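Novice: Structure provided below as structure tokens; questions to follow.
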Amino acid sequence: MDFLAKTAAIAWKDAVTELRAKEMFSAVFIFAFLVAVIFSFAFNPVEHDLTPVFSGIMWMAYLFAGTLGLHRSFVSERANEAIQGLSLIPGDRSAIFFGKFLANLGFMIIFEILLTPIFFALLNVGFRGGALFLAVLAVATVGFTAAGTFLSAMASHSRAAEVLLPILLFPLLIPVVIGAVRATDGLLAGDLGPALFWLKVLVAYDMVFVAVPLVLFEYLLEGS
Amino acid sequence: MVGFMKKWDWLLIPVGVLALYLAFIVAPPELQMKDRQRIMYFHVASAWNAYLAFIVVFVASIKYLRSSSRHWDRVALSSAELGVFFTSITLLSGMVWGRSVWNKWWVWDPRLTTTLILWFIYVGYLLLRYTSEGDERRARLAAGLGIIGFIDVPIVHMSAMWWSAFHPPGNPMDVLMDGRMGMALGASVITFTLLYFFMLGWRVRLEELKERVAVLRERLR
């Protein structure tokens with residue numbers, strides 16, 4: 001119970017800070033939308049039907065915008081060395097990771113609820129797949145957010161933090177990108193097979209990338 | 001150069017010469033690829049070295065987090081640098097081989113794909129180290145990355161295999177080998193492995209000296 005209480009407190013703190021700031025939220029939203037638009041331009045929507053690349057465009061928008069949003073997850077703690085204050089909480093400090101992870105997850109899901117219908121409209125693709133589509137969205141986002149929150153902690157101390165986070169994060173996310181795009185592609189084409197297969201892979205990825213940071217986070221903070 | 005070589009390091013010379021002899025003279029040219037197949041002796045050995053290097057990074061990272069001993073941090077850094085070096089050689093030799101035999105610089109086959117991702121993961125590791133401040137914090141963060149990066153590699157590999165399952169590419173590495181080629185490959189792998197351990201020793205020693213210089217400089221202020 002104690003761990004959950006600490007997690008909730010940190011998640012609440014991050015969520016409230018973000019909601020009060022508001023600029024970051026709207027900036028990330030606009031950026032995600034813009035990524036989808038600019039990728040559409042890159043693939044020449046005037047001459048080509050973009051349905052085959054819809055999944056890729058959607059997930060790239062979430063990846064790029066999400067990475068920017070995740071960056072501030074730990075960078076905000078650098079001001080006034082707030083991370084040291086956080087490290088003073090008694091007991092298991094991986095609650096810091098878990099709390100931030102949950103707050104970030106909440107934001108990503110809000111973005112996706114707002115943006116996914118916009119992307120479908122923008123690229124004139126019919127929505128198919130129902131609940132399974134939402135499941136893929138959720139499971140892939142969990143994996144992305146877990147890896148991203150953890151890596152954001154590492155990148156935040158670098159002089160090149162903004163560009164280092166994507167450099168560290170993208171290679172580790174390859175399985176998520178492969179799985180999410182394949183599953184989404186299949187569902188939009190009416191084929192459940194790929195979605196069911198890759199959903200299992202994504203769940204396995206999620207378990208690894210939530211469990212390993214929970215174990216390692218304590219060690220990372222030692223000596224701060 | 002001579003000052004760096006400790007007594008066992010000299011072993012590299014006869015072993016290396018033997019491996020070269022086996023690879024270029026004793027081993028016969030392959031059936032279809034002829035002499036171009038010989039690049040395999042260096043390509044496979046480099047790939048093996050790269051994986052060895054990253055296993056060492058993984059182990060050293062864990063040991064560092066548990067013991068906080070500077071030695072393990074130096075080993076992790078040195079091994080990561082060597083790993084990136086050998087991965088680069090693997091990728092480049094693979095590309096040259098592919099281009100010369102099948103006229104393609106790159107194919108998205110699972111092994112190549114995973115090797116490319118591996119390269120990015122450890123280049124990222126090095127960038128994290130080079131751009132972070134604070135010795136101990138940097139070492140801890142890098143150790144965390146060394147651990148989670150390594151855990152991700154099998155996941156990436158399996159994903160890449162399932163990814164291309166619907167369009168199976170002909171495996172470019174399928175080479176029919178006879179005994180002499182097997183010997184040459186074995187000798188090559190042994191040489192490269194020896195080379196890895198020697199270079200690791202040199203690099204760790206270099207890092208120790210660097211740290212000592214930094215301490216001395218501080219004292220002189």
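The values are calculated or read from the model by the stated rules, or taken from the named source; none is laboratory data. From a predicted model like this one, the values you see are computed outputs, not experimental measurements. Here the Cβ is made from the backbone with ideal geometry for all residues, glycine too, and neighbour counts use every protein chain on show.
Novice: Under 8 Å between Cβ atoms, which residue pairs at least 6 apart in sequence (or on different chains) link something in the range A:125-153 that is closer than 22 Å to B:Ile148 by Cα with a partner that is among the acidic types (Asp, Glu)?
Specialist: Filtered contacts from the range A:125-153: A:Val139/A:Asp206; A:Thr141/A:Glu112; A:Val142/A:Asp206; A:Gly143/A:Asp206; A:Ala146/A:Asp206.
Novice: Is it the case that some residue within the range A:203-218 is of a type outside the set (Ser, Thr, Tyr), farther than 25 Å from B:Glu136 by Cβ and not in a helix (DSSP H, G or I)?
Specialist: For the range A:203-218, residues of a type outside the set (Ser, Thr, Tyr), farther than 25 Å from B:Glu136 by Cβ and not in a helix (DSSP H, G or I): absent.
Novice: If you don't mind, another one. Please tell me if A:Leu132 is away from chain B (no Cβ under 14 Å) and surrounded by fewer than 18 Cβ atoms within 10 Å (Cβ to Cβ).
Specialist: On the way: away from chain B (no Cβ under 14 Å): yes; surrounded by fewer than 18 Cβ atoms within 10 Å (Cβ to Cβ): yes.
Against the criterion (away from chain B (no Cβ under 14 Å) and surrounded by fewer than 18 Cβ atoms within 10 Å (Cβ to Cβ)), A:Leu132 qualifies.
Novice: Within the bounds of the range A:157-164, is there any residue that is of a type in the set (Lys, Arg) and within 14 Å of another protein chain (Cβ to nearest Cβ)? Walk me through it before giving the result.
Specialist: Initially, the range A:157-164 is screened for residues of a type in the set (Lys, Arg), giving A:159.
Keeping just the survivors that are within 14 Å of another protein chain (Cβ to nearest Cβ) gives A:159.
Within the range A:157-164 (the criterion being of a type in the set (Lys, Arg) and within 14 Å of another protein chain (Cβ to nearest Cβ)), the answer is yes, since at least one residue qualifies.
Novice: Which residues, counting only those in the range B:199-221, are crowded, with 16+ Cβ neighbours inside 10 Å and acidic (Asp, Glu)?
Specialist: B:Glu207
Novice: Now, a different point. Would you check if there is a residue in the range A:170-181 being in contact (Cβ under 8 Å) with a residue 60 or more places away in the chain, within 7 Å of chain B (Cβ to nearest Cβ), in contact with a helix residue (DSSP H, G or I) (Cβ under 7 Å, 6 or more places away or on another chain) and crowded, with 20+ Cβ neighbours inside 10 Å? Explain how you work it out, then say what you get.
Specialist: Taking the range A:170-181 first, the residues in contact (Cβ under 8 Å) with a residue 60 or more places away in the chain are A:170, A:173, A:177, A:180-181.
From what's left, within 7 Å of chain B (Cβ to nearest Cβ): none.
Among the residues of the range A:170-181, not one is in contact (Cβ under 8 Å) with a residue 60 or more places away in the chain, within 7 Å of chain B (Cβ to nearest Cβ), in contact with a helix residue (DSSP H, G or I) (Cβ under 7 Å, 6 or more places away or on another chain) and crowded, with 20+ Cβ neighbours inside 10 Å, which makes the answer no.
Novice: Still on this structure: Could you please find all residues in the range A:32-57 being outside any loop (DSSP other than H, G, I, E, B) and either among the polar types (S, T, N, Q) or touching a helix residue (DSSP H, G or I) at 6+ places or on another chain (Cβ under 6 Å) (or both)? Let's see the steps before the verdict.
Specialist: Of the residues in the range A:32-57, the ones outside any loop (DSSP other than H, G, I, E, B) are A:32-42, A:51-57.
Correct list: A:Ala32, A:Val35, A:Ala36, A:Phe39, A:Ser40, A:Thr51, A:Ser55, A:Gly56, A:Ile57.
Novice: Identify all residues within the range A:1-15 that are in a helix (DSSP H, G or I), of a type outside the set (D, E, K, R) and more than 13 Å from A:Lys100 (Cβ to Cβ); write none if there are none. Show your work before the answer.
Specialist: Filtering the range A:1-15 down to residues in a helix (DSSP H, G or I) leaves A:2-15.
Adding the requirement that they be of a type outside the set (D, E, K, R) leaves A:3-5, A:7-12, A:15.
A:Phe3, A:Leu4, A:Ala5, listed by residue number.
Novice: Under 7 Å between Cβ atoms, which residue pairs at least 6 apart in sequence (or on different chains) link something in the range A:186-212 that is under 17 Å from A:Ile174 (Cβ atoms) with a partner that is surrounded by fewer than 16 Cβ atoms within 10 Å (Cβ to Cβ)?
Specialist: A:Val208/B:Ile151; A:Val212/B:Ile151
Novice: Can you tell me which residue within the range B:37-68, out of those that are polar (S, T, N, Q) and farther than 20 Å from A:Val215 by Cα, is modelled with the lowest pLDDT? Even if it seems obvious, please write down each step before you answer.
Specialist: At the first step, the residues of the range B:37-68 found to be polar (S, T, N, Q) are B:37, B:46, B:49, B:61, B:67-68.
Checking the rest, the ones that are also farther than 20 Å from A:Val215 by Cα come to B:37, B:46, B:49.
Working: B:Gln37: 76, B:Ser46: 93, B:Asn49: 93.
Per the stated criteria, the residue is B:Gln37.
Novice: Among the residues in the range A:39-54, are any within 26 Å of A:Gly190 (Cα to Cα) and buried (at least 22 other Cβ atoms within 10 Å of the Cβ)? Before the answer, list the steps.
Specialist: Here is the first cut: in the range A:39-54, the ones within 26 Å of A:Gly190 (Cα to Cα) are A:39-40, A:43-54.
From the residues that got through so far, the ones that are buried (at least 22 other Cβ atoms within 10 Å of the Cβ) too are A:54.
Yes, the range A:39-54 has at least one match.
Novice: Of all residues in the range B:79-115, how many are polar (S, T, N, Q), more than 11 Å from the chain's Cα centre (by Cα) and either crowded, with 16+ Cβ neighbours inside 10 Å or under 22 Å from A:Leu173 (Cβ atoms) (or both)?
Specialist: First pass over the range B:79-115, keeping only residues polar (S, T, N, Q): B:79, B:87-88, B:90, B:93, B:100, B:103, B:113-115.
Restricting the remaining residues to those that are more than 11 Å from the chain's Cα centre (by Cα) gives B:93, B:100, B:103, B:113-114.
Now restrict to residues that are either crowded, with 16+ Cβ neighbours inside 10 Å or under 22 Å from A:Leu173 (Cβ atoms) (or both): B:93, B:113-114.
The qualifying residues number 3.
Matching residues to (1) at pLDDT 95 or above; (2) more than 30 Å from A:Val75 (Cα to Cα):
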residue: B:Glu81; (1), (2): yes, no
residue: B:Thr87; (1), (2): yes, yes
residue: B:Arg99; (1), (2): no, yes
residue: B:Glu133; (1), (2): no, no
